[in-house]
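One structure is given below, encoded as structure tokens.
The values are calculated or read from the model by the stated rules, or taken from the named source; none is laboratory data. Here the structure is a predicted model, which means the values were calculated and not measured. Note: ideal-geometry Cβ built from the backbone for every residue, glycine included; neighbour counts use all protein chains shown.
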Amino acid sequence: MKKAVCLVALLSIFAAGAFASPFFSGRILGGSDAVAGQFPFAVSLRTLLNTHFCGGCILNERWVLTSGHCMMGRDQDAINIVAGSHLRNSGGLVFRSSRIFTHPNFNFNLMTNDVSLILVTTPFFWTNNIQPISLGDAEISGGVTATLLGWGWTTNLGSLADALQWLPTVTLTQDECRSRHALAQRAFIHDNTLCTSNAFGQGMCMGDTGGPVIIGNSVIGIKSWSVQCGLVPDIHARVSSHR
């Protein structure tokens, strides 16, 4: 794995042109099945044995955005990016990774700057089911409706979703977010993170970090971590802070 000299610059330039942890999560608990072409920028990151391990989103013909921790311990030549299917077990086209650029200030222990870019060996080509998404540049505050996406667990029994799941969510201010987390977790909620909250029992859980939080056709966050699935706010890397 190689680290970028400056991921902050890369996020702007290229968009224009797993270790176990009690925090890591990504299931859309209480979500709805997506249909073909509904979220054509969403991709599934997989091992060479076709095991899904994280989500991501297409920024342009060559670049995918995902979480920094999703790339920990990963060989840049051993990642498949499956695009063009809303189903985990069928369809889609496979693109190979050639390089990984993780934010130079990513800190696993503090969960700061949890973003990575993946360069694909051959360019994406646009179809009804494969399209890019733009980087959100607005500073999103509290009370804004957004959408979570993920292929992770859909039940507490640990079953992965076959269909991509989506769930409406609402953003929180940092103060609101910290107040709803236990004291031990508040140190991991930074100014450049984004918090979202859902109805009780709905939200992220184990299985699929790295997926996007979107408003319209803009990605505003990348799923980072959560605890107590569906009971406390979910935490994401804030895209506008990493442009």
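For the stretch 55-71, name all the residues that are under 23 Å from Thr127 (Cα atoms) and surrounded by 15 or more Cβ atoms within 10 Å (Cβ to Cβ).
Passing the criteria: Gly55, Gly56, Cys57, Ile58, Leu59, Asn60, Arg62, Trp63, Val64, Leu65, Thr66.
Please determine, by comparing only the residues of the stretch 80-126 that are within 16 Å of the chain's Cα centre (by Cα), of a type in the set (A, V, I, L, M) and part of a loop (DSSP other than H, G, I, E, B), which one is farthest from Ala36 (Cα to Cα).
Filtering first and then ranking leaves Met111.
Over 12 Å from Ile215 (Cβ atoms), at pLDDT 90 or above and not assigned by the TED database to the domain that holds Ser116: is that true of Ser179 in this structure?
Yes, satisfied.
Here are some residues: Leu93, Leu49. Which one is within 21 Å of Leu149 (Cβ to Cβ) and modelled with pLDDT of 95 or more?
None of the others qualify; the one that does is Leu93.
For the stretch 106-118, which positions are more than 16 Å from Gly73 (Cα to Cα) and either of a type in the set (D, E, K, R) or surrounded by fewer than 16 Cβ atoms within 10 Å (Cβ to Cβ) (or both)?
Leu110
Can you tell me which residue is modelled with the lowest pLDDT among those in the stretch 140-175 that are outside any loop (DSSP other than H, G, I, E, B) and surrounded by fewer than 14 Cβ atoms within 10 Å (Cβ to Cβ)?
Applying the filter and picking the extreme gives Asp175.
Which of the residues that make up the stretch 195-243 are at pLDDT below 95, among the basic types (Lys, Arg) and assigned to a strand (DSSP E or B)?
Residue satisfying the conditions is Lys223 alone.
Starting from the stretch 94-119, keep only residues that are among the acidic types (Asp, Glu), then list their pairs with residues that are not in a strand (DSSP E or B) whose Cβ atoms are within a distance under 9 Å, requiring at least 6 positions of separation or different chains.
Correct list of pairs: Asp114/Ser67; Asp114/Gly68; Asp114/His69; Asp114/Cys70; Asp114/His103; Asp114/Phe106; Asp114/Phe108; Asp114/Thr209.
Please find, within the stretch 213-243, the residue that is farthest from Ala146 (Cα to Cα) out of those that are among the β-branched types (Val, Ile, Thr) and crowded, with 20+ Cβ neighbours inside 10 Å.
If we take residues in the stretch 213-243 being among the β-branched types (Val, Ile, Thr) and crowded, with 20+ Cβ neighbours inside 10 Å, then Val227 is farthest from Ala146 (Cα to Cα).
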